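Scroll down for the structure; my scribbles are underneath it.
The values are calculated or read from the model by the stated rules, or taken from the named source; none is laboratory data. Note that this is a predicted model, so its numbers are computed, not measured. Here Cβ is always computed from backbone atoms with ideal geometry, including for glycine, and neighbour counts include all displayed protein chains. The accessibility values were calculated without ligands, DNA or RNA, using every heavy atom of the protein model including side chains. Shrake-Rupley method; radii C 1.70, N 1.55, O 1.52, S 1.80 Å.
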Amino acid sequence: MMEPLVSVITAAYNSEKTVAETIESVLGQTYGSIEYIIADGASSDRTVEIAESYRPEFERRGYRYTIISSRDSGIYAGINKGIAMAHGILAGCVNADDYYEPGMVQAAAECYLERKYDLFYADVRIVSGSGVRVGVKRARRMKGMITTRHWNHPTMFVPRRVYRRQKYDESYRYYADFDYMLRLYKRGGRITVVNRPLSNFRLGGASTRGGVKESIRRAGERYRVYRNSGYSRLYLAECLFMDVGKGVAGKIMEQAGYE
């Protein structure tokens with residue numbers, strides 16, 4: 001049976017330190033029919049140059065490989081830009097500071113062929129900025145109090161037919177991915193969860209860095225996501241607990257030399 005094409009999108013901006021590992025994780029996939037799109041936000045460093053250096057290897061393997069570099073409003077604009085160019089039946093997003101496990105695309109594709117889901121996600125391994133494995137964040141099915149602890153964006157795959165109906169809301173700086181998942185869940189989307197670490201999330205990105213003021217700003221945005229989806233004002237406590245907690249944990253790890 002011929003493997004259907006799957007699109008993988010990387011939104012990048014000034015990511016010269018980490019983008020090679022991201023790209024190599026896509027080249028290392030066990031799945032054979034991949035389209036890879038790098039949506040760069042007009043980086044001023046060597047991000048695009050590094051990405052271009054991998055073109056011969058993608059061509060040798062028969063993978064479609066597209067690099068676009070143009071100014072945009074941020075990571076979610078980059079993801080939307082990549083989705084608009086995608087041809088696969090599914091699209092997954094691996095940011096330029098994260099990287100896939102070898103079986104990521106295979107698992108997403110096989111589950112889709114079996115279940116025709118609207119959204120897929122799995123466990124993710126947490127990695128410090130210096131590359132130390134910190135632990136595994138398990139994926140959980142949606143029930144009870146819905147939080148970001150249920151789901152892991154670095155493992156998320158969505159059919160292109162769904163992306164044609166719903167894009168990422170670019171008014172969000174940090175949580176357009178959570179907003180996307182909640183909107184799909186509230187509409188009754190079919191969700192598949194796999195409890196196996198299939199991607200790696202590197203600490204130190206926009207969702208974890210910054211001081212207390214930045215953490216409060218993230219908490220405010222997360223709260224707006226909840227309220228826009230009709231959730232209770234009581235979720236404000238969850239937002240403050242999670243985002244301020246992540247900010248404090250990030251500072252502790254930075255001081256301990258893990259960042």
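Can you give the extra length, in nm with one decimal, that the chain gains between residue 217 and residue 164 once fully stretched, where that is 0.36 nm per residue apart less the Cα-Cα distance?
Here the answer is 16.1 nm.
Classify region 75-184: rounded, prolate or oblate, from the alpha-carbon gyration tensor (a ≥ b ≥ c, eigenvalue square roots; a/c under 1.5 rounded; otherwise prolate if a/b is larger than b/c)? Let's see the in-between values first.
Numbers: a/c = 1.28, a/b = 1.21, b/c = 1.06.
Rounded, because the longest to shortest axis ratio a/c is under 1.5.
Enumerate the calculated ³J(HN,Hα) couplings along region 92-103 in order (Karplus 6.51 cos²θ - 1.76 cosθ + 1.60, θ = phi - 60°), each rounded to whole Hz, writing x wherever the residue is Gly or Pro.
These are the phi-based 3J(HN,Hα) values: x, 10, 10, 5, 6, 10, 10, 7, 7, 7, x, x Hz.
Using Cα-Cα distances under 8 Å and only pairs 6 or more residues apart, what relative contact order does the chain have, in percent?
Relative contact order for the chain comes out at 20 percent.
Using only the Cα atoms of region 124-232, build the gyration tensor, take square roots of its eigenvalues as a ≥ b ≥ c, and label the shape rounded, prolate or oblate: rounded if a/c is under 1.5, else prolate if a/b is larger than b/c, else oblate.
It is oblate, given that a/c is not under 1.5 and a/b is not larger than b/c.
Helix by helix through the chain, keep the DSSP H runs that span 18 Å or more along the axis on Cα and average at least 0.0 on Kyte-Doolittle, and give those back in order.
235-255
Relative contact order, percent, of region 60-168 when contacts are C-alpha pairs under 8 Å separated by at least 6 residues?
That works out to 33 percent.
So between residue 73 and residue 171, what do we pick up on full extension, going 0.36 nm a residue minus the alpha carbon distance? Don't skip to the end; give the middle numbers.
Numbers: separation 98, 0.36 × 98 = 35.28 nm, distance 0.91 nm.
Taking 0.36 nm per residue and subtracting the Cα distance, the gain is 34.4 nm.
For region 1-124, what relative contact order do you get, as a whole percent, if you take Cα pairs closer than 8 Å and at least 6 residues apart?
Relative contact order comes out at 40 percent.
Heavy-atom accessible area of residue 232 with all protein chains present, probe 1.4 Å, nearest 10 Å²?
Surface accessible to solvent at residue 232 totals approximately 50 Å².
Give me the percent of accessible area attributable to carbon and sulfur for the chain, probe 1.4 angstrom. Write down the numbers at each step before the final one.
Values: 6230 of 11790 Å².
Carbon plus sulfur share of accessible area: 53 percent.
Can you list the HN-Hα couplings for region 187-204, worked out from phi with the Karplus curve (6.51, -1.76, 1.60; θ = phi - 60°), rounded to whole Hz and with x for Gly and Pro?
Result, rounded to whole Hz: 7, x, x, 7, 10, 10, 10, 10, 8, 8, x, 10, 8, 10, 9, 8, 5, x.
For region 17-96, what is the accessible area per residue in Å² when the probe is 1.4 Å?
42
Rounded to the nearest 10 Å², what accessible area does residue 137 show when all protein chains are kept and the probe is 1.4 Å?
60
Can you compute the modelled spin-label distance between residue 149 and residue 231, with each label point 7 Å from Cα toward Cβ, in nm?
1.2
How much length is gained if the chain between residue 186 and residue 115 is pulled fully straight, taking 0.36 nm per residue apart and subtracting their Cα-Cα distance, in nm to one decimal?
Between residue 186 and residue 115, full extension yields an extra 23.6 nm.
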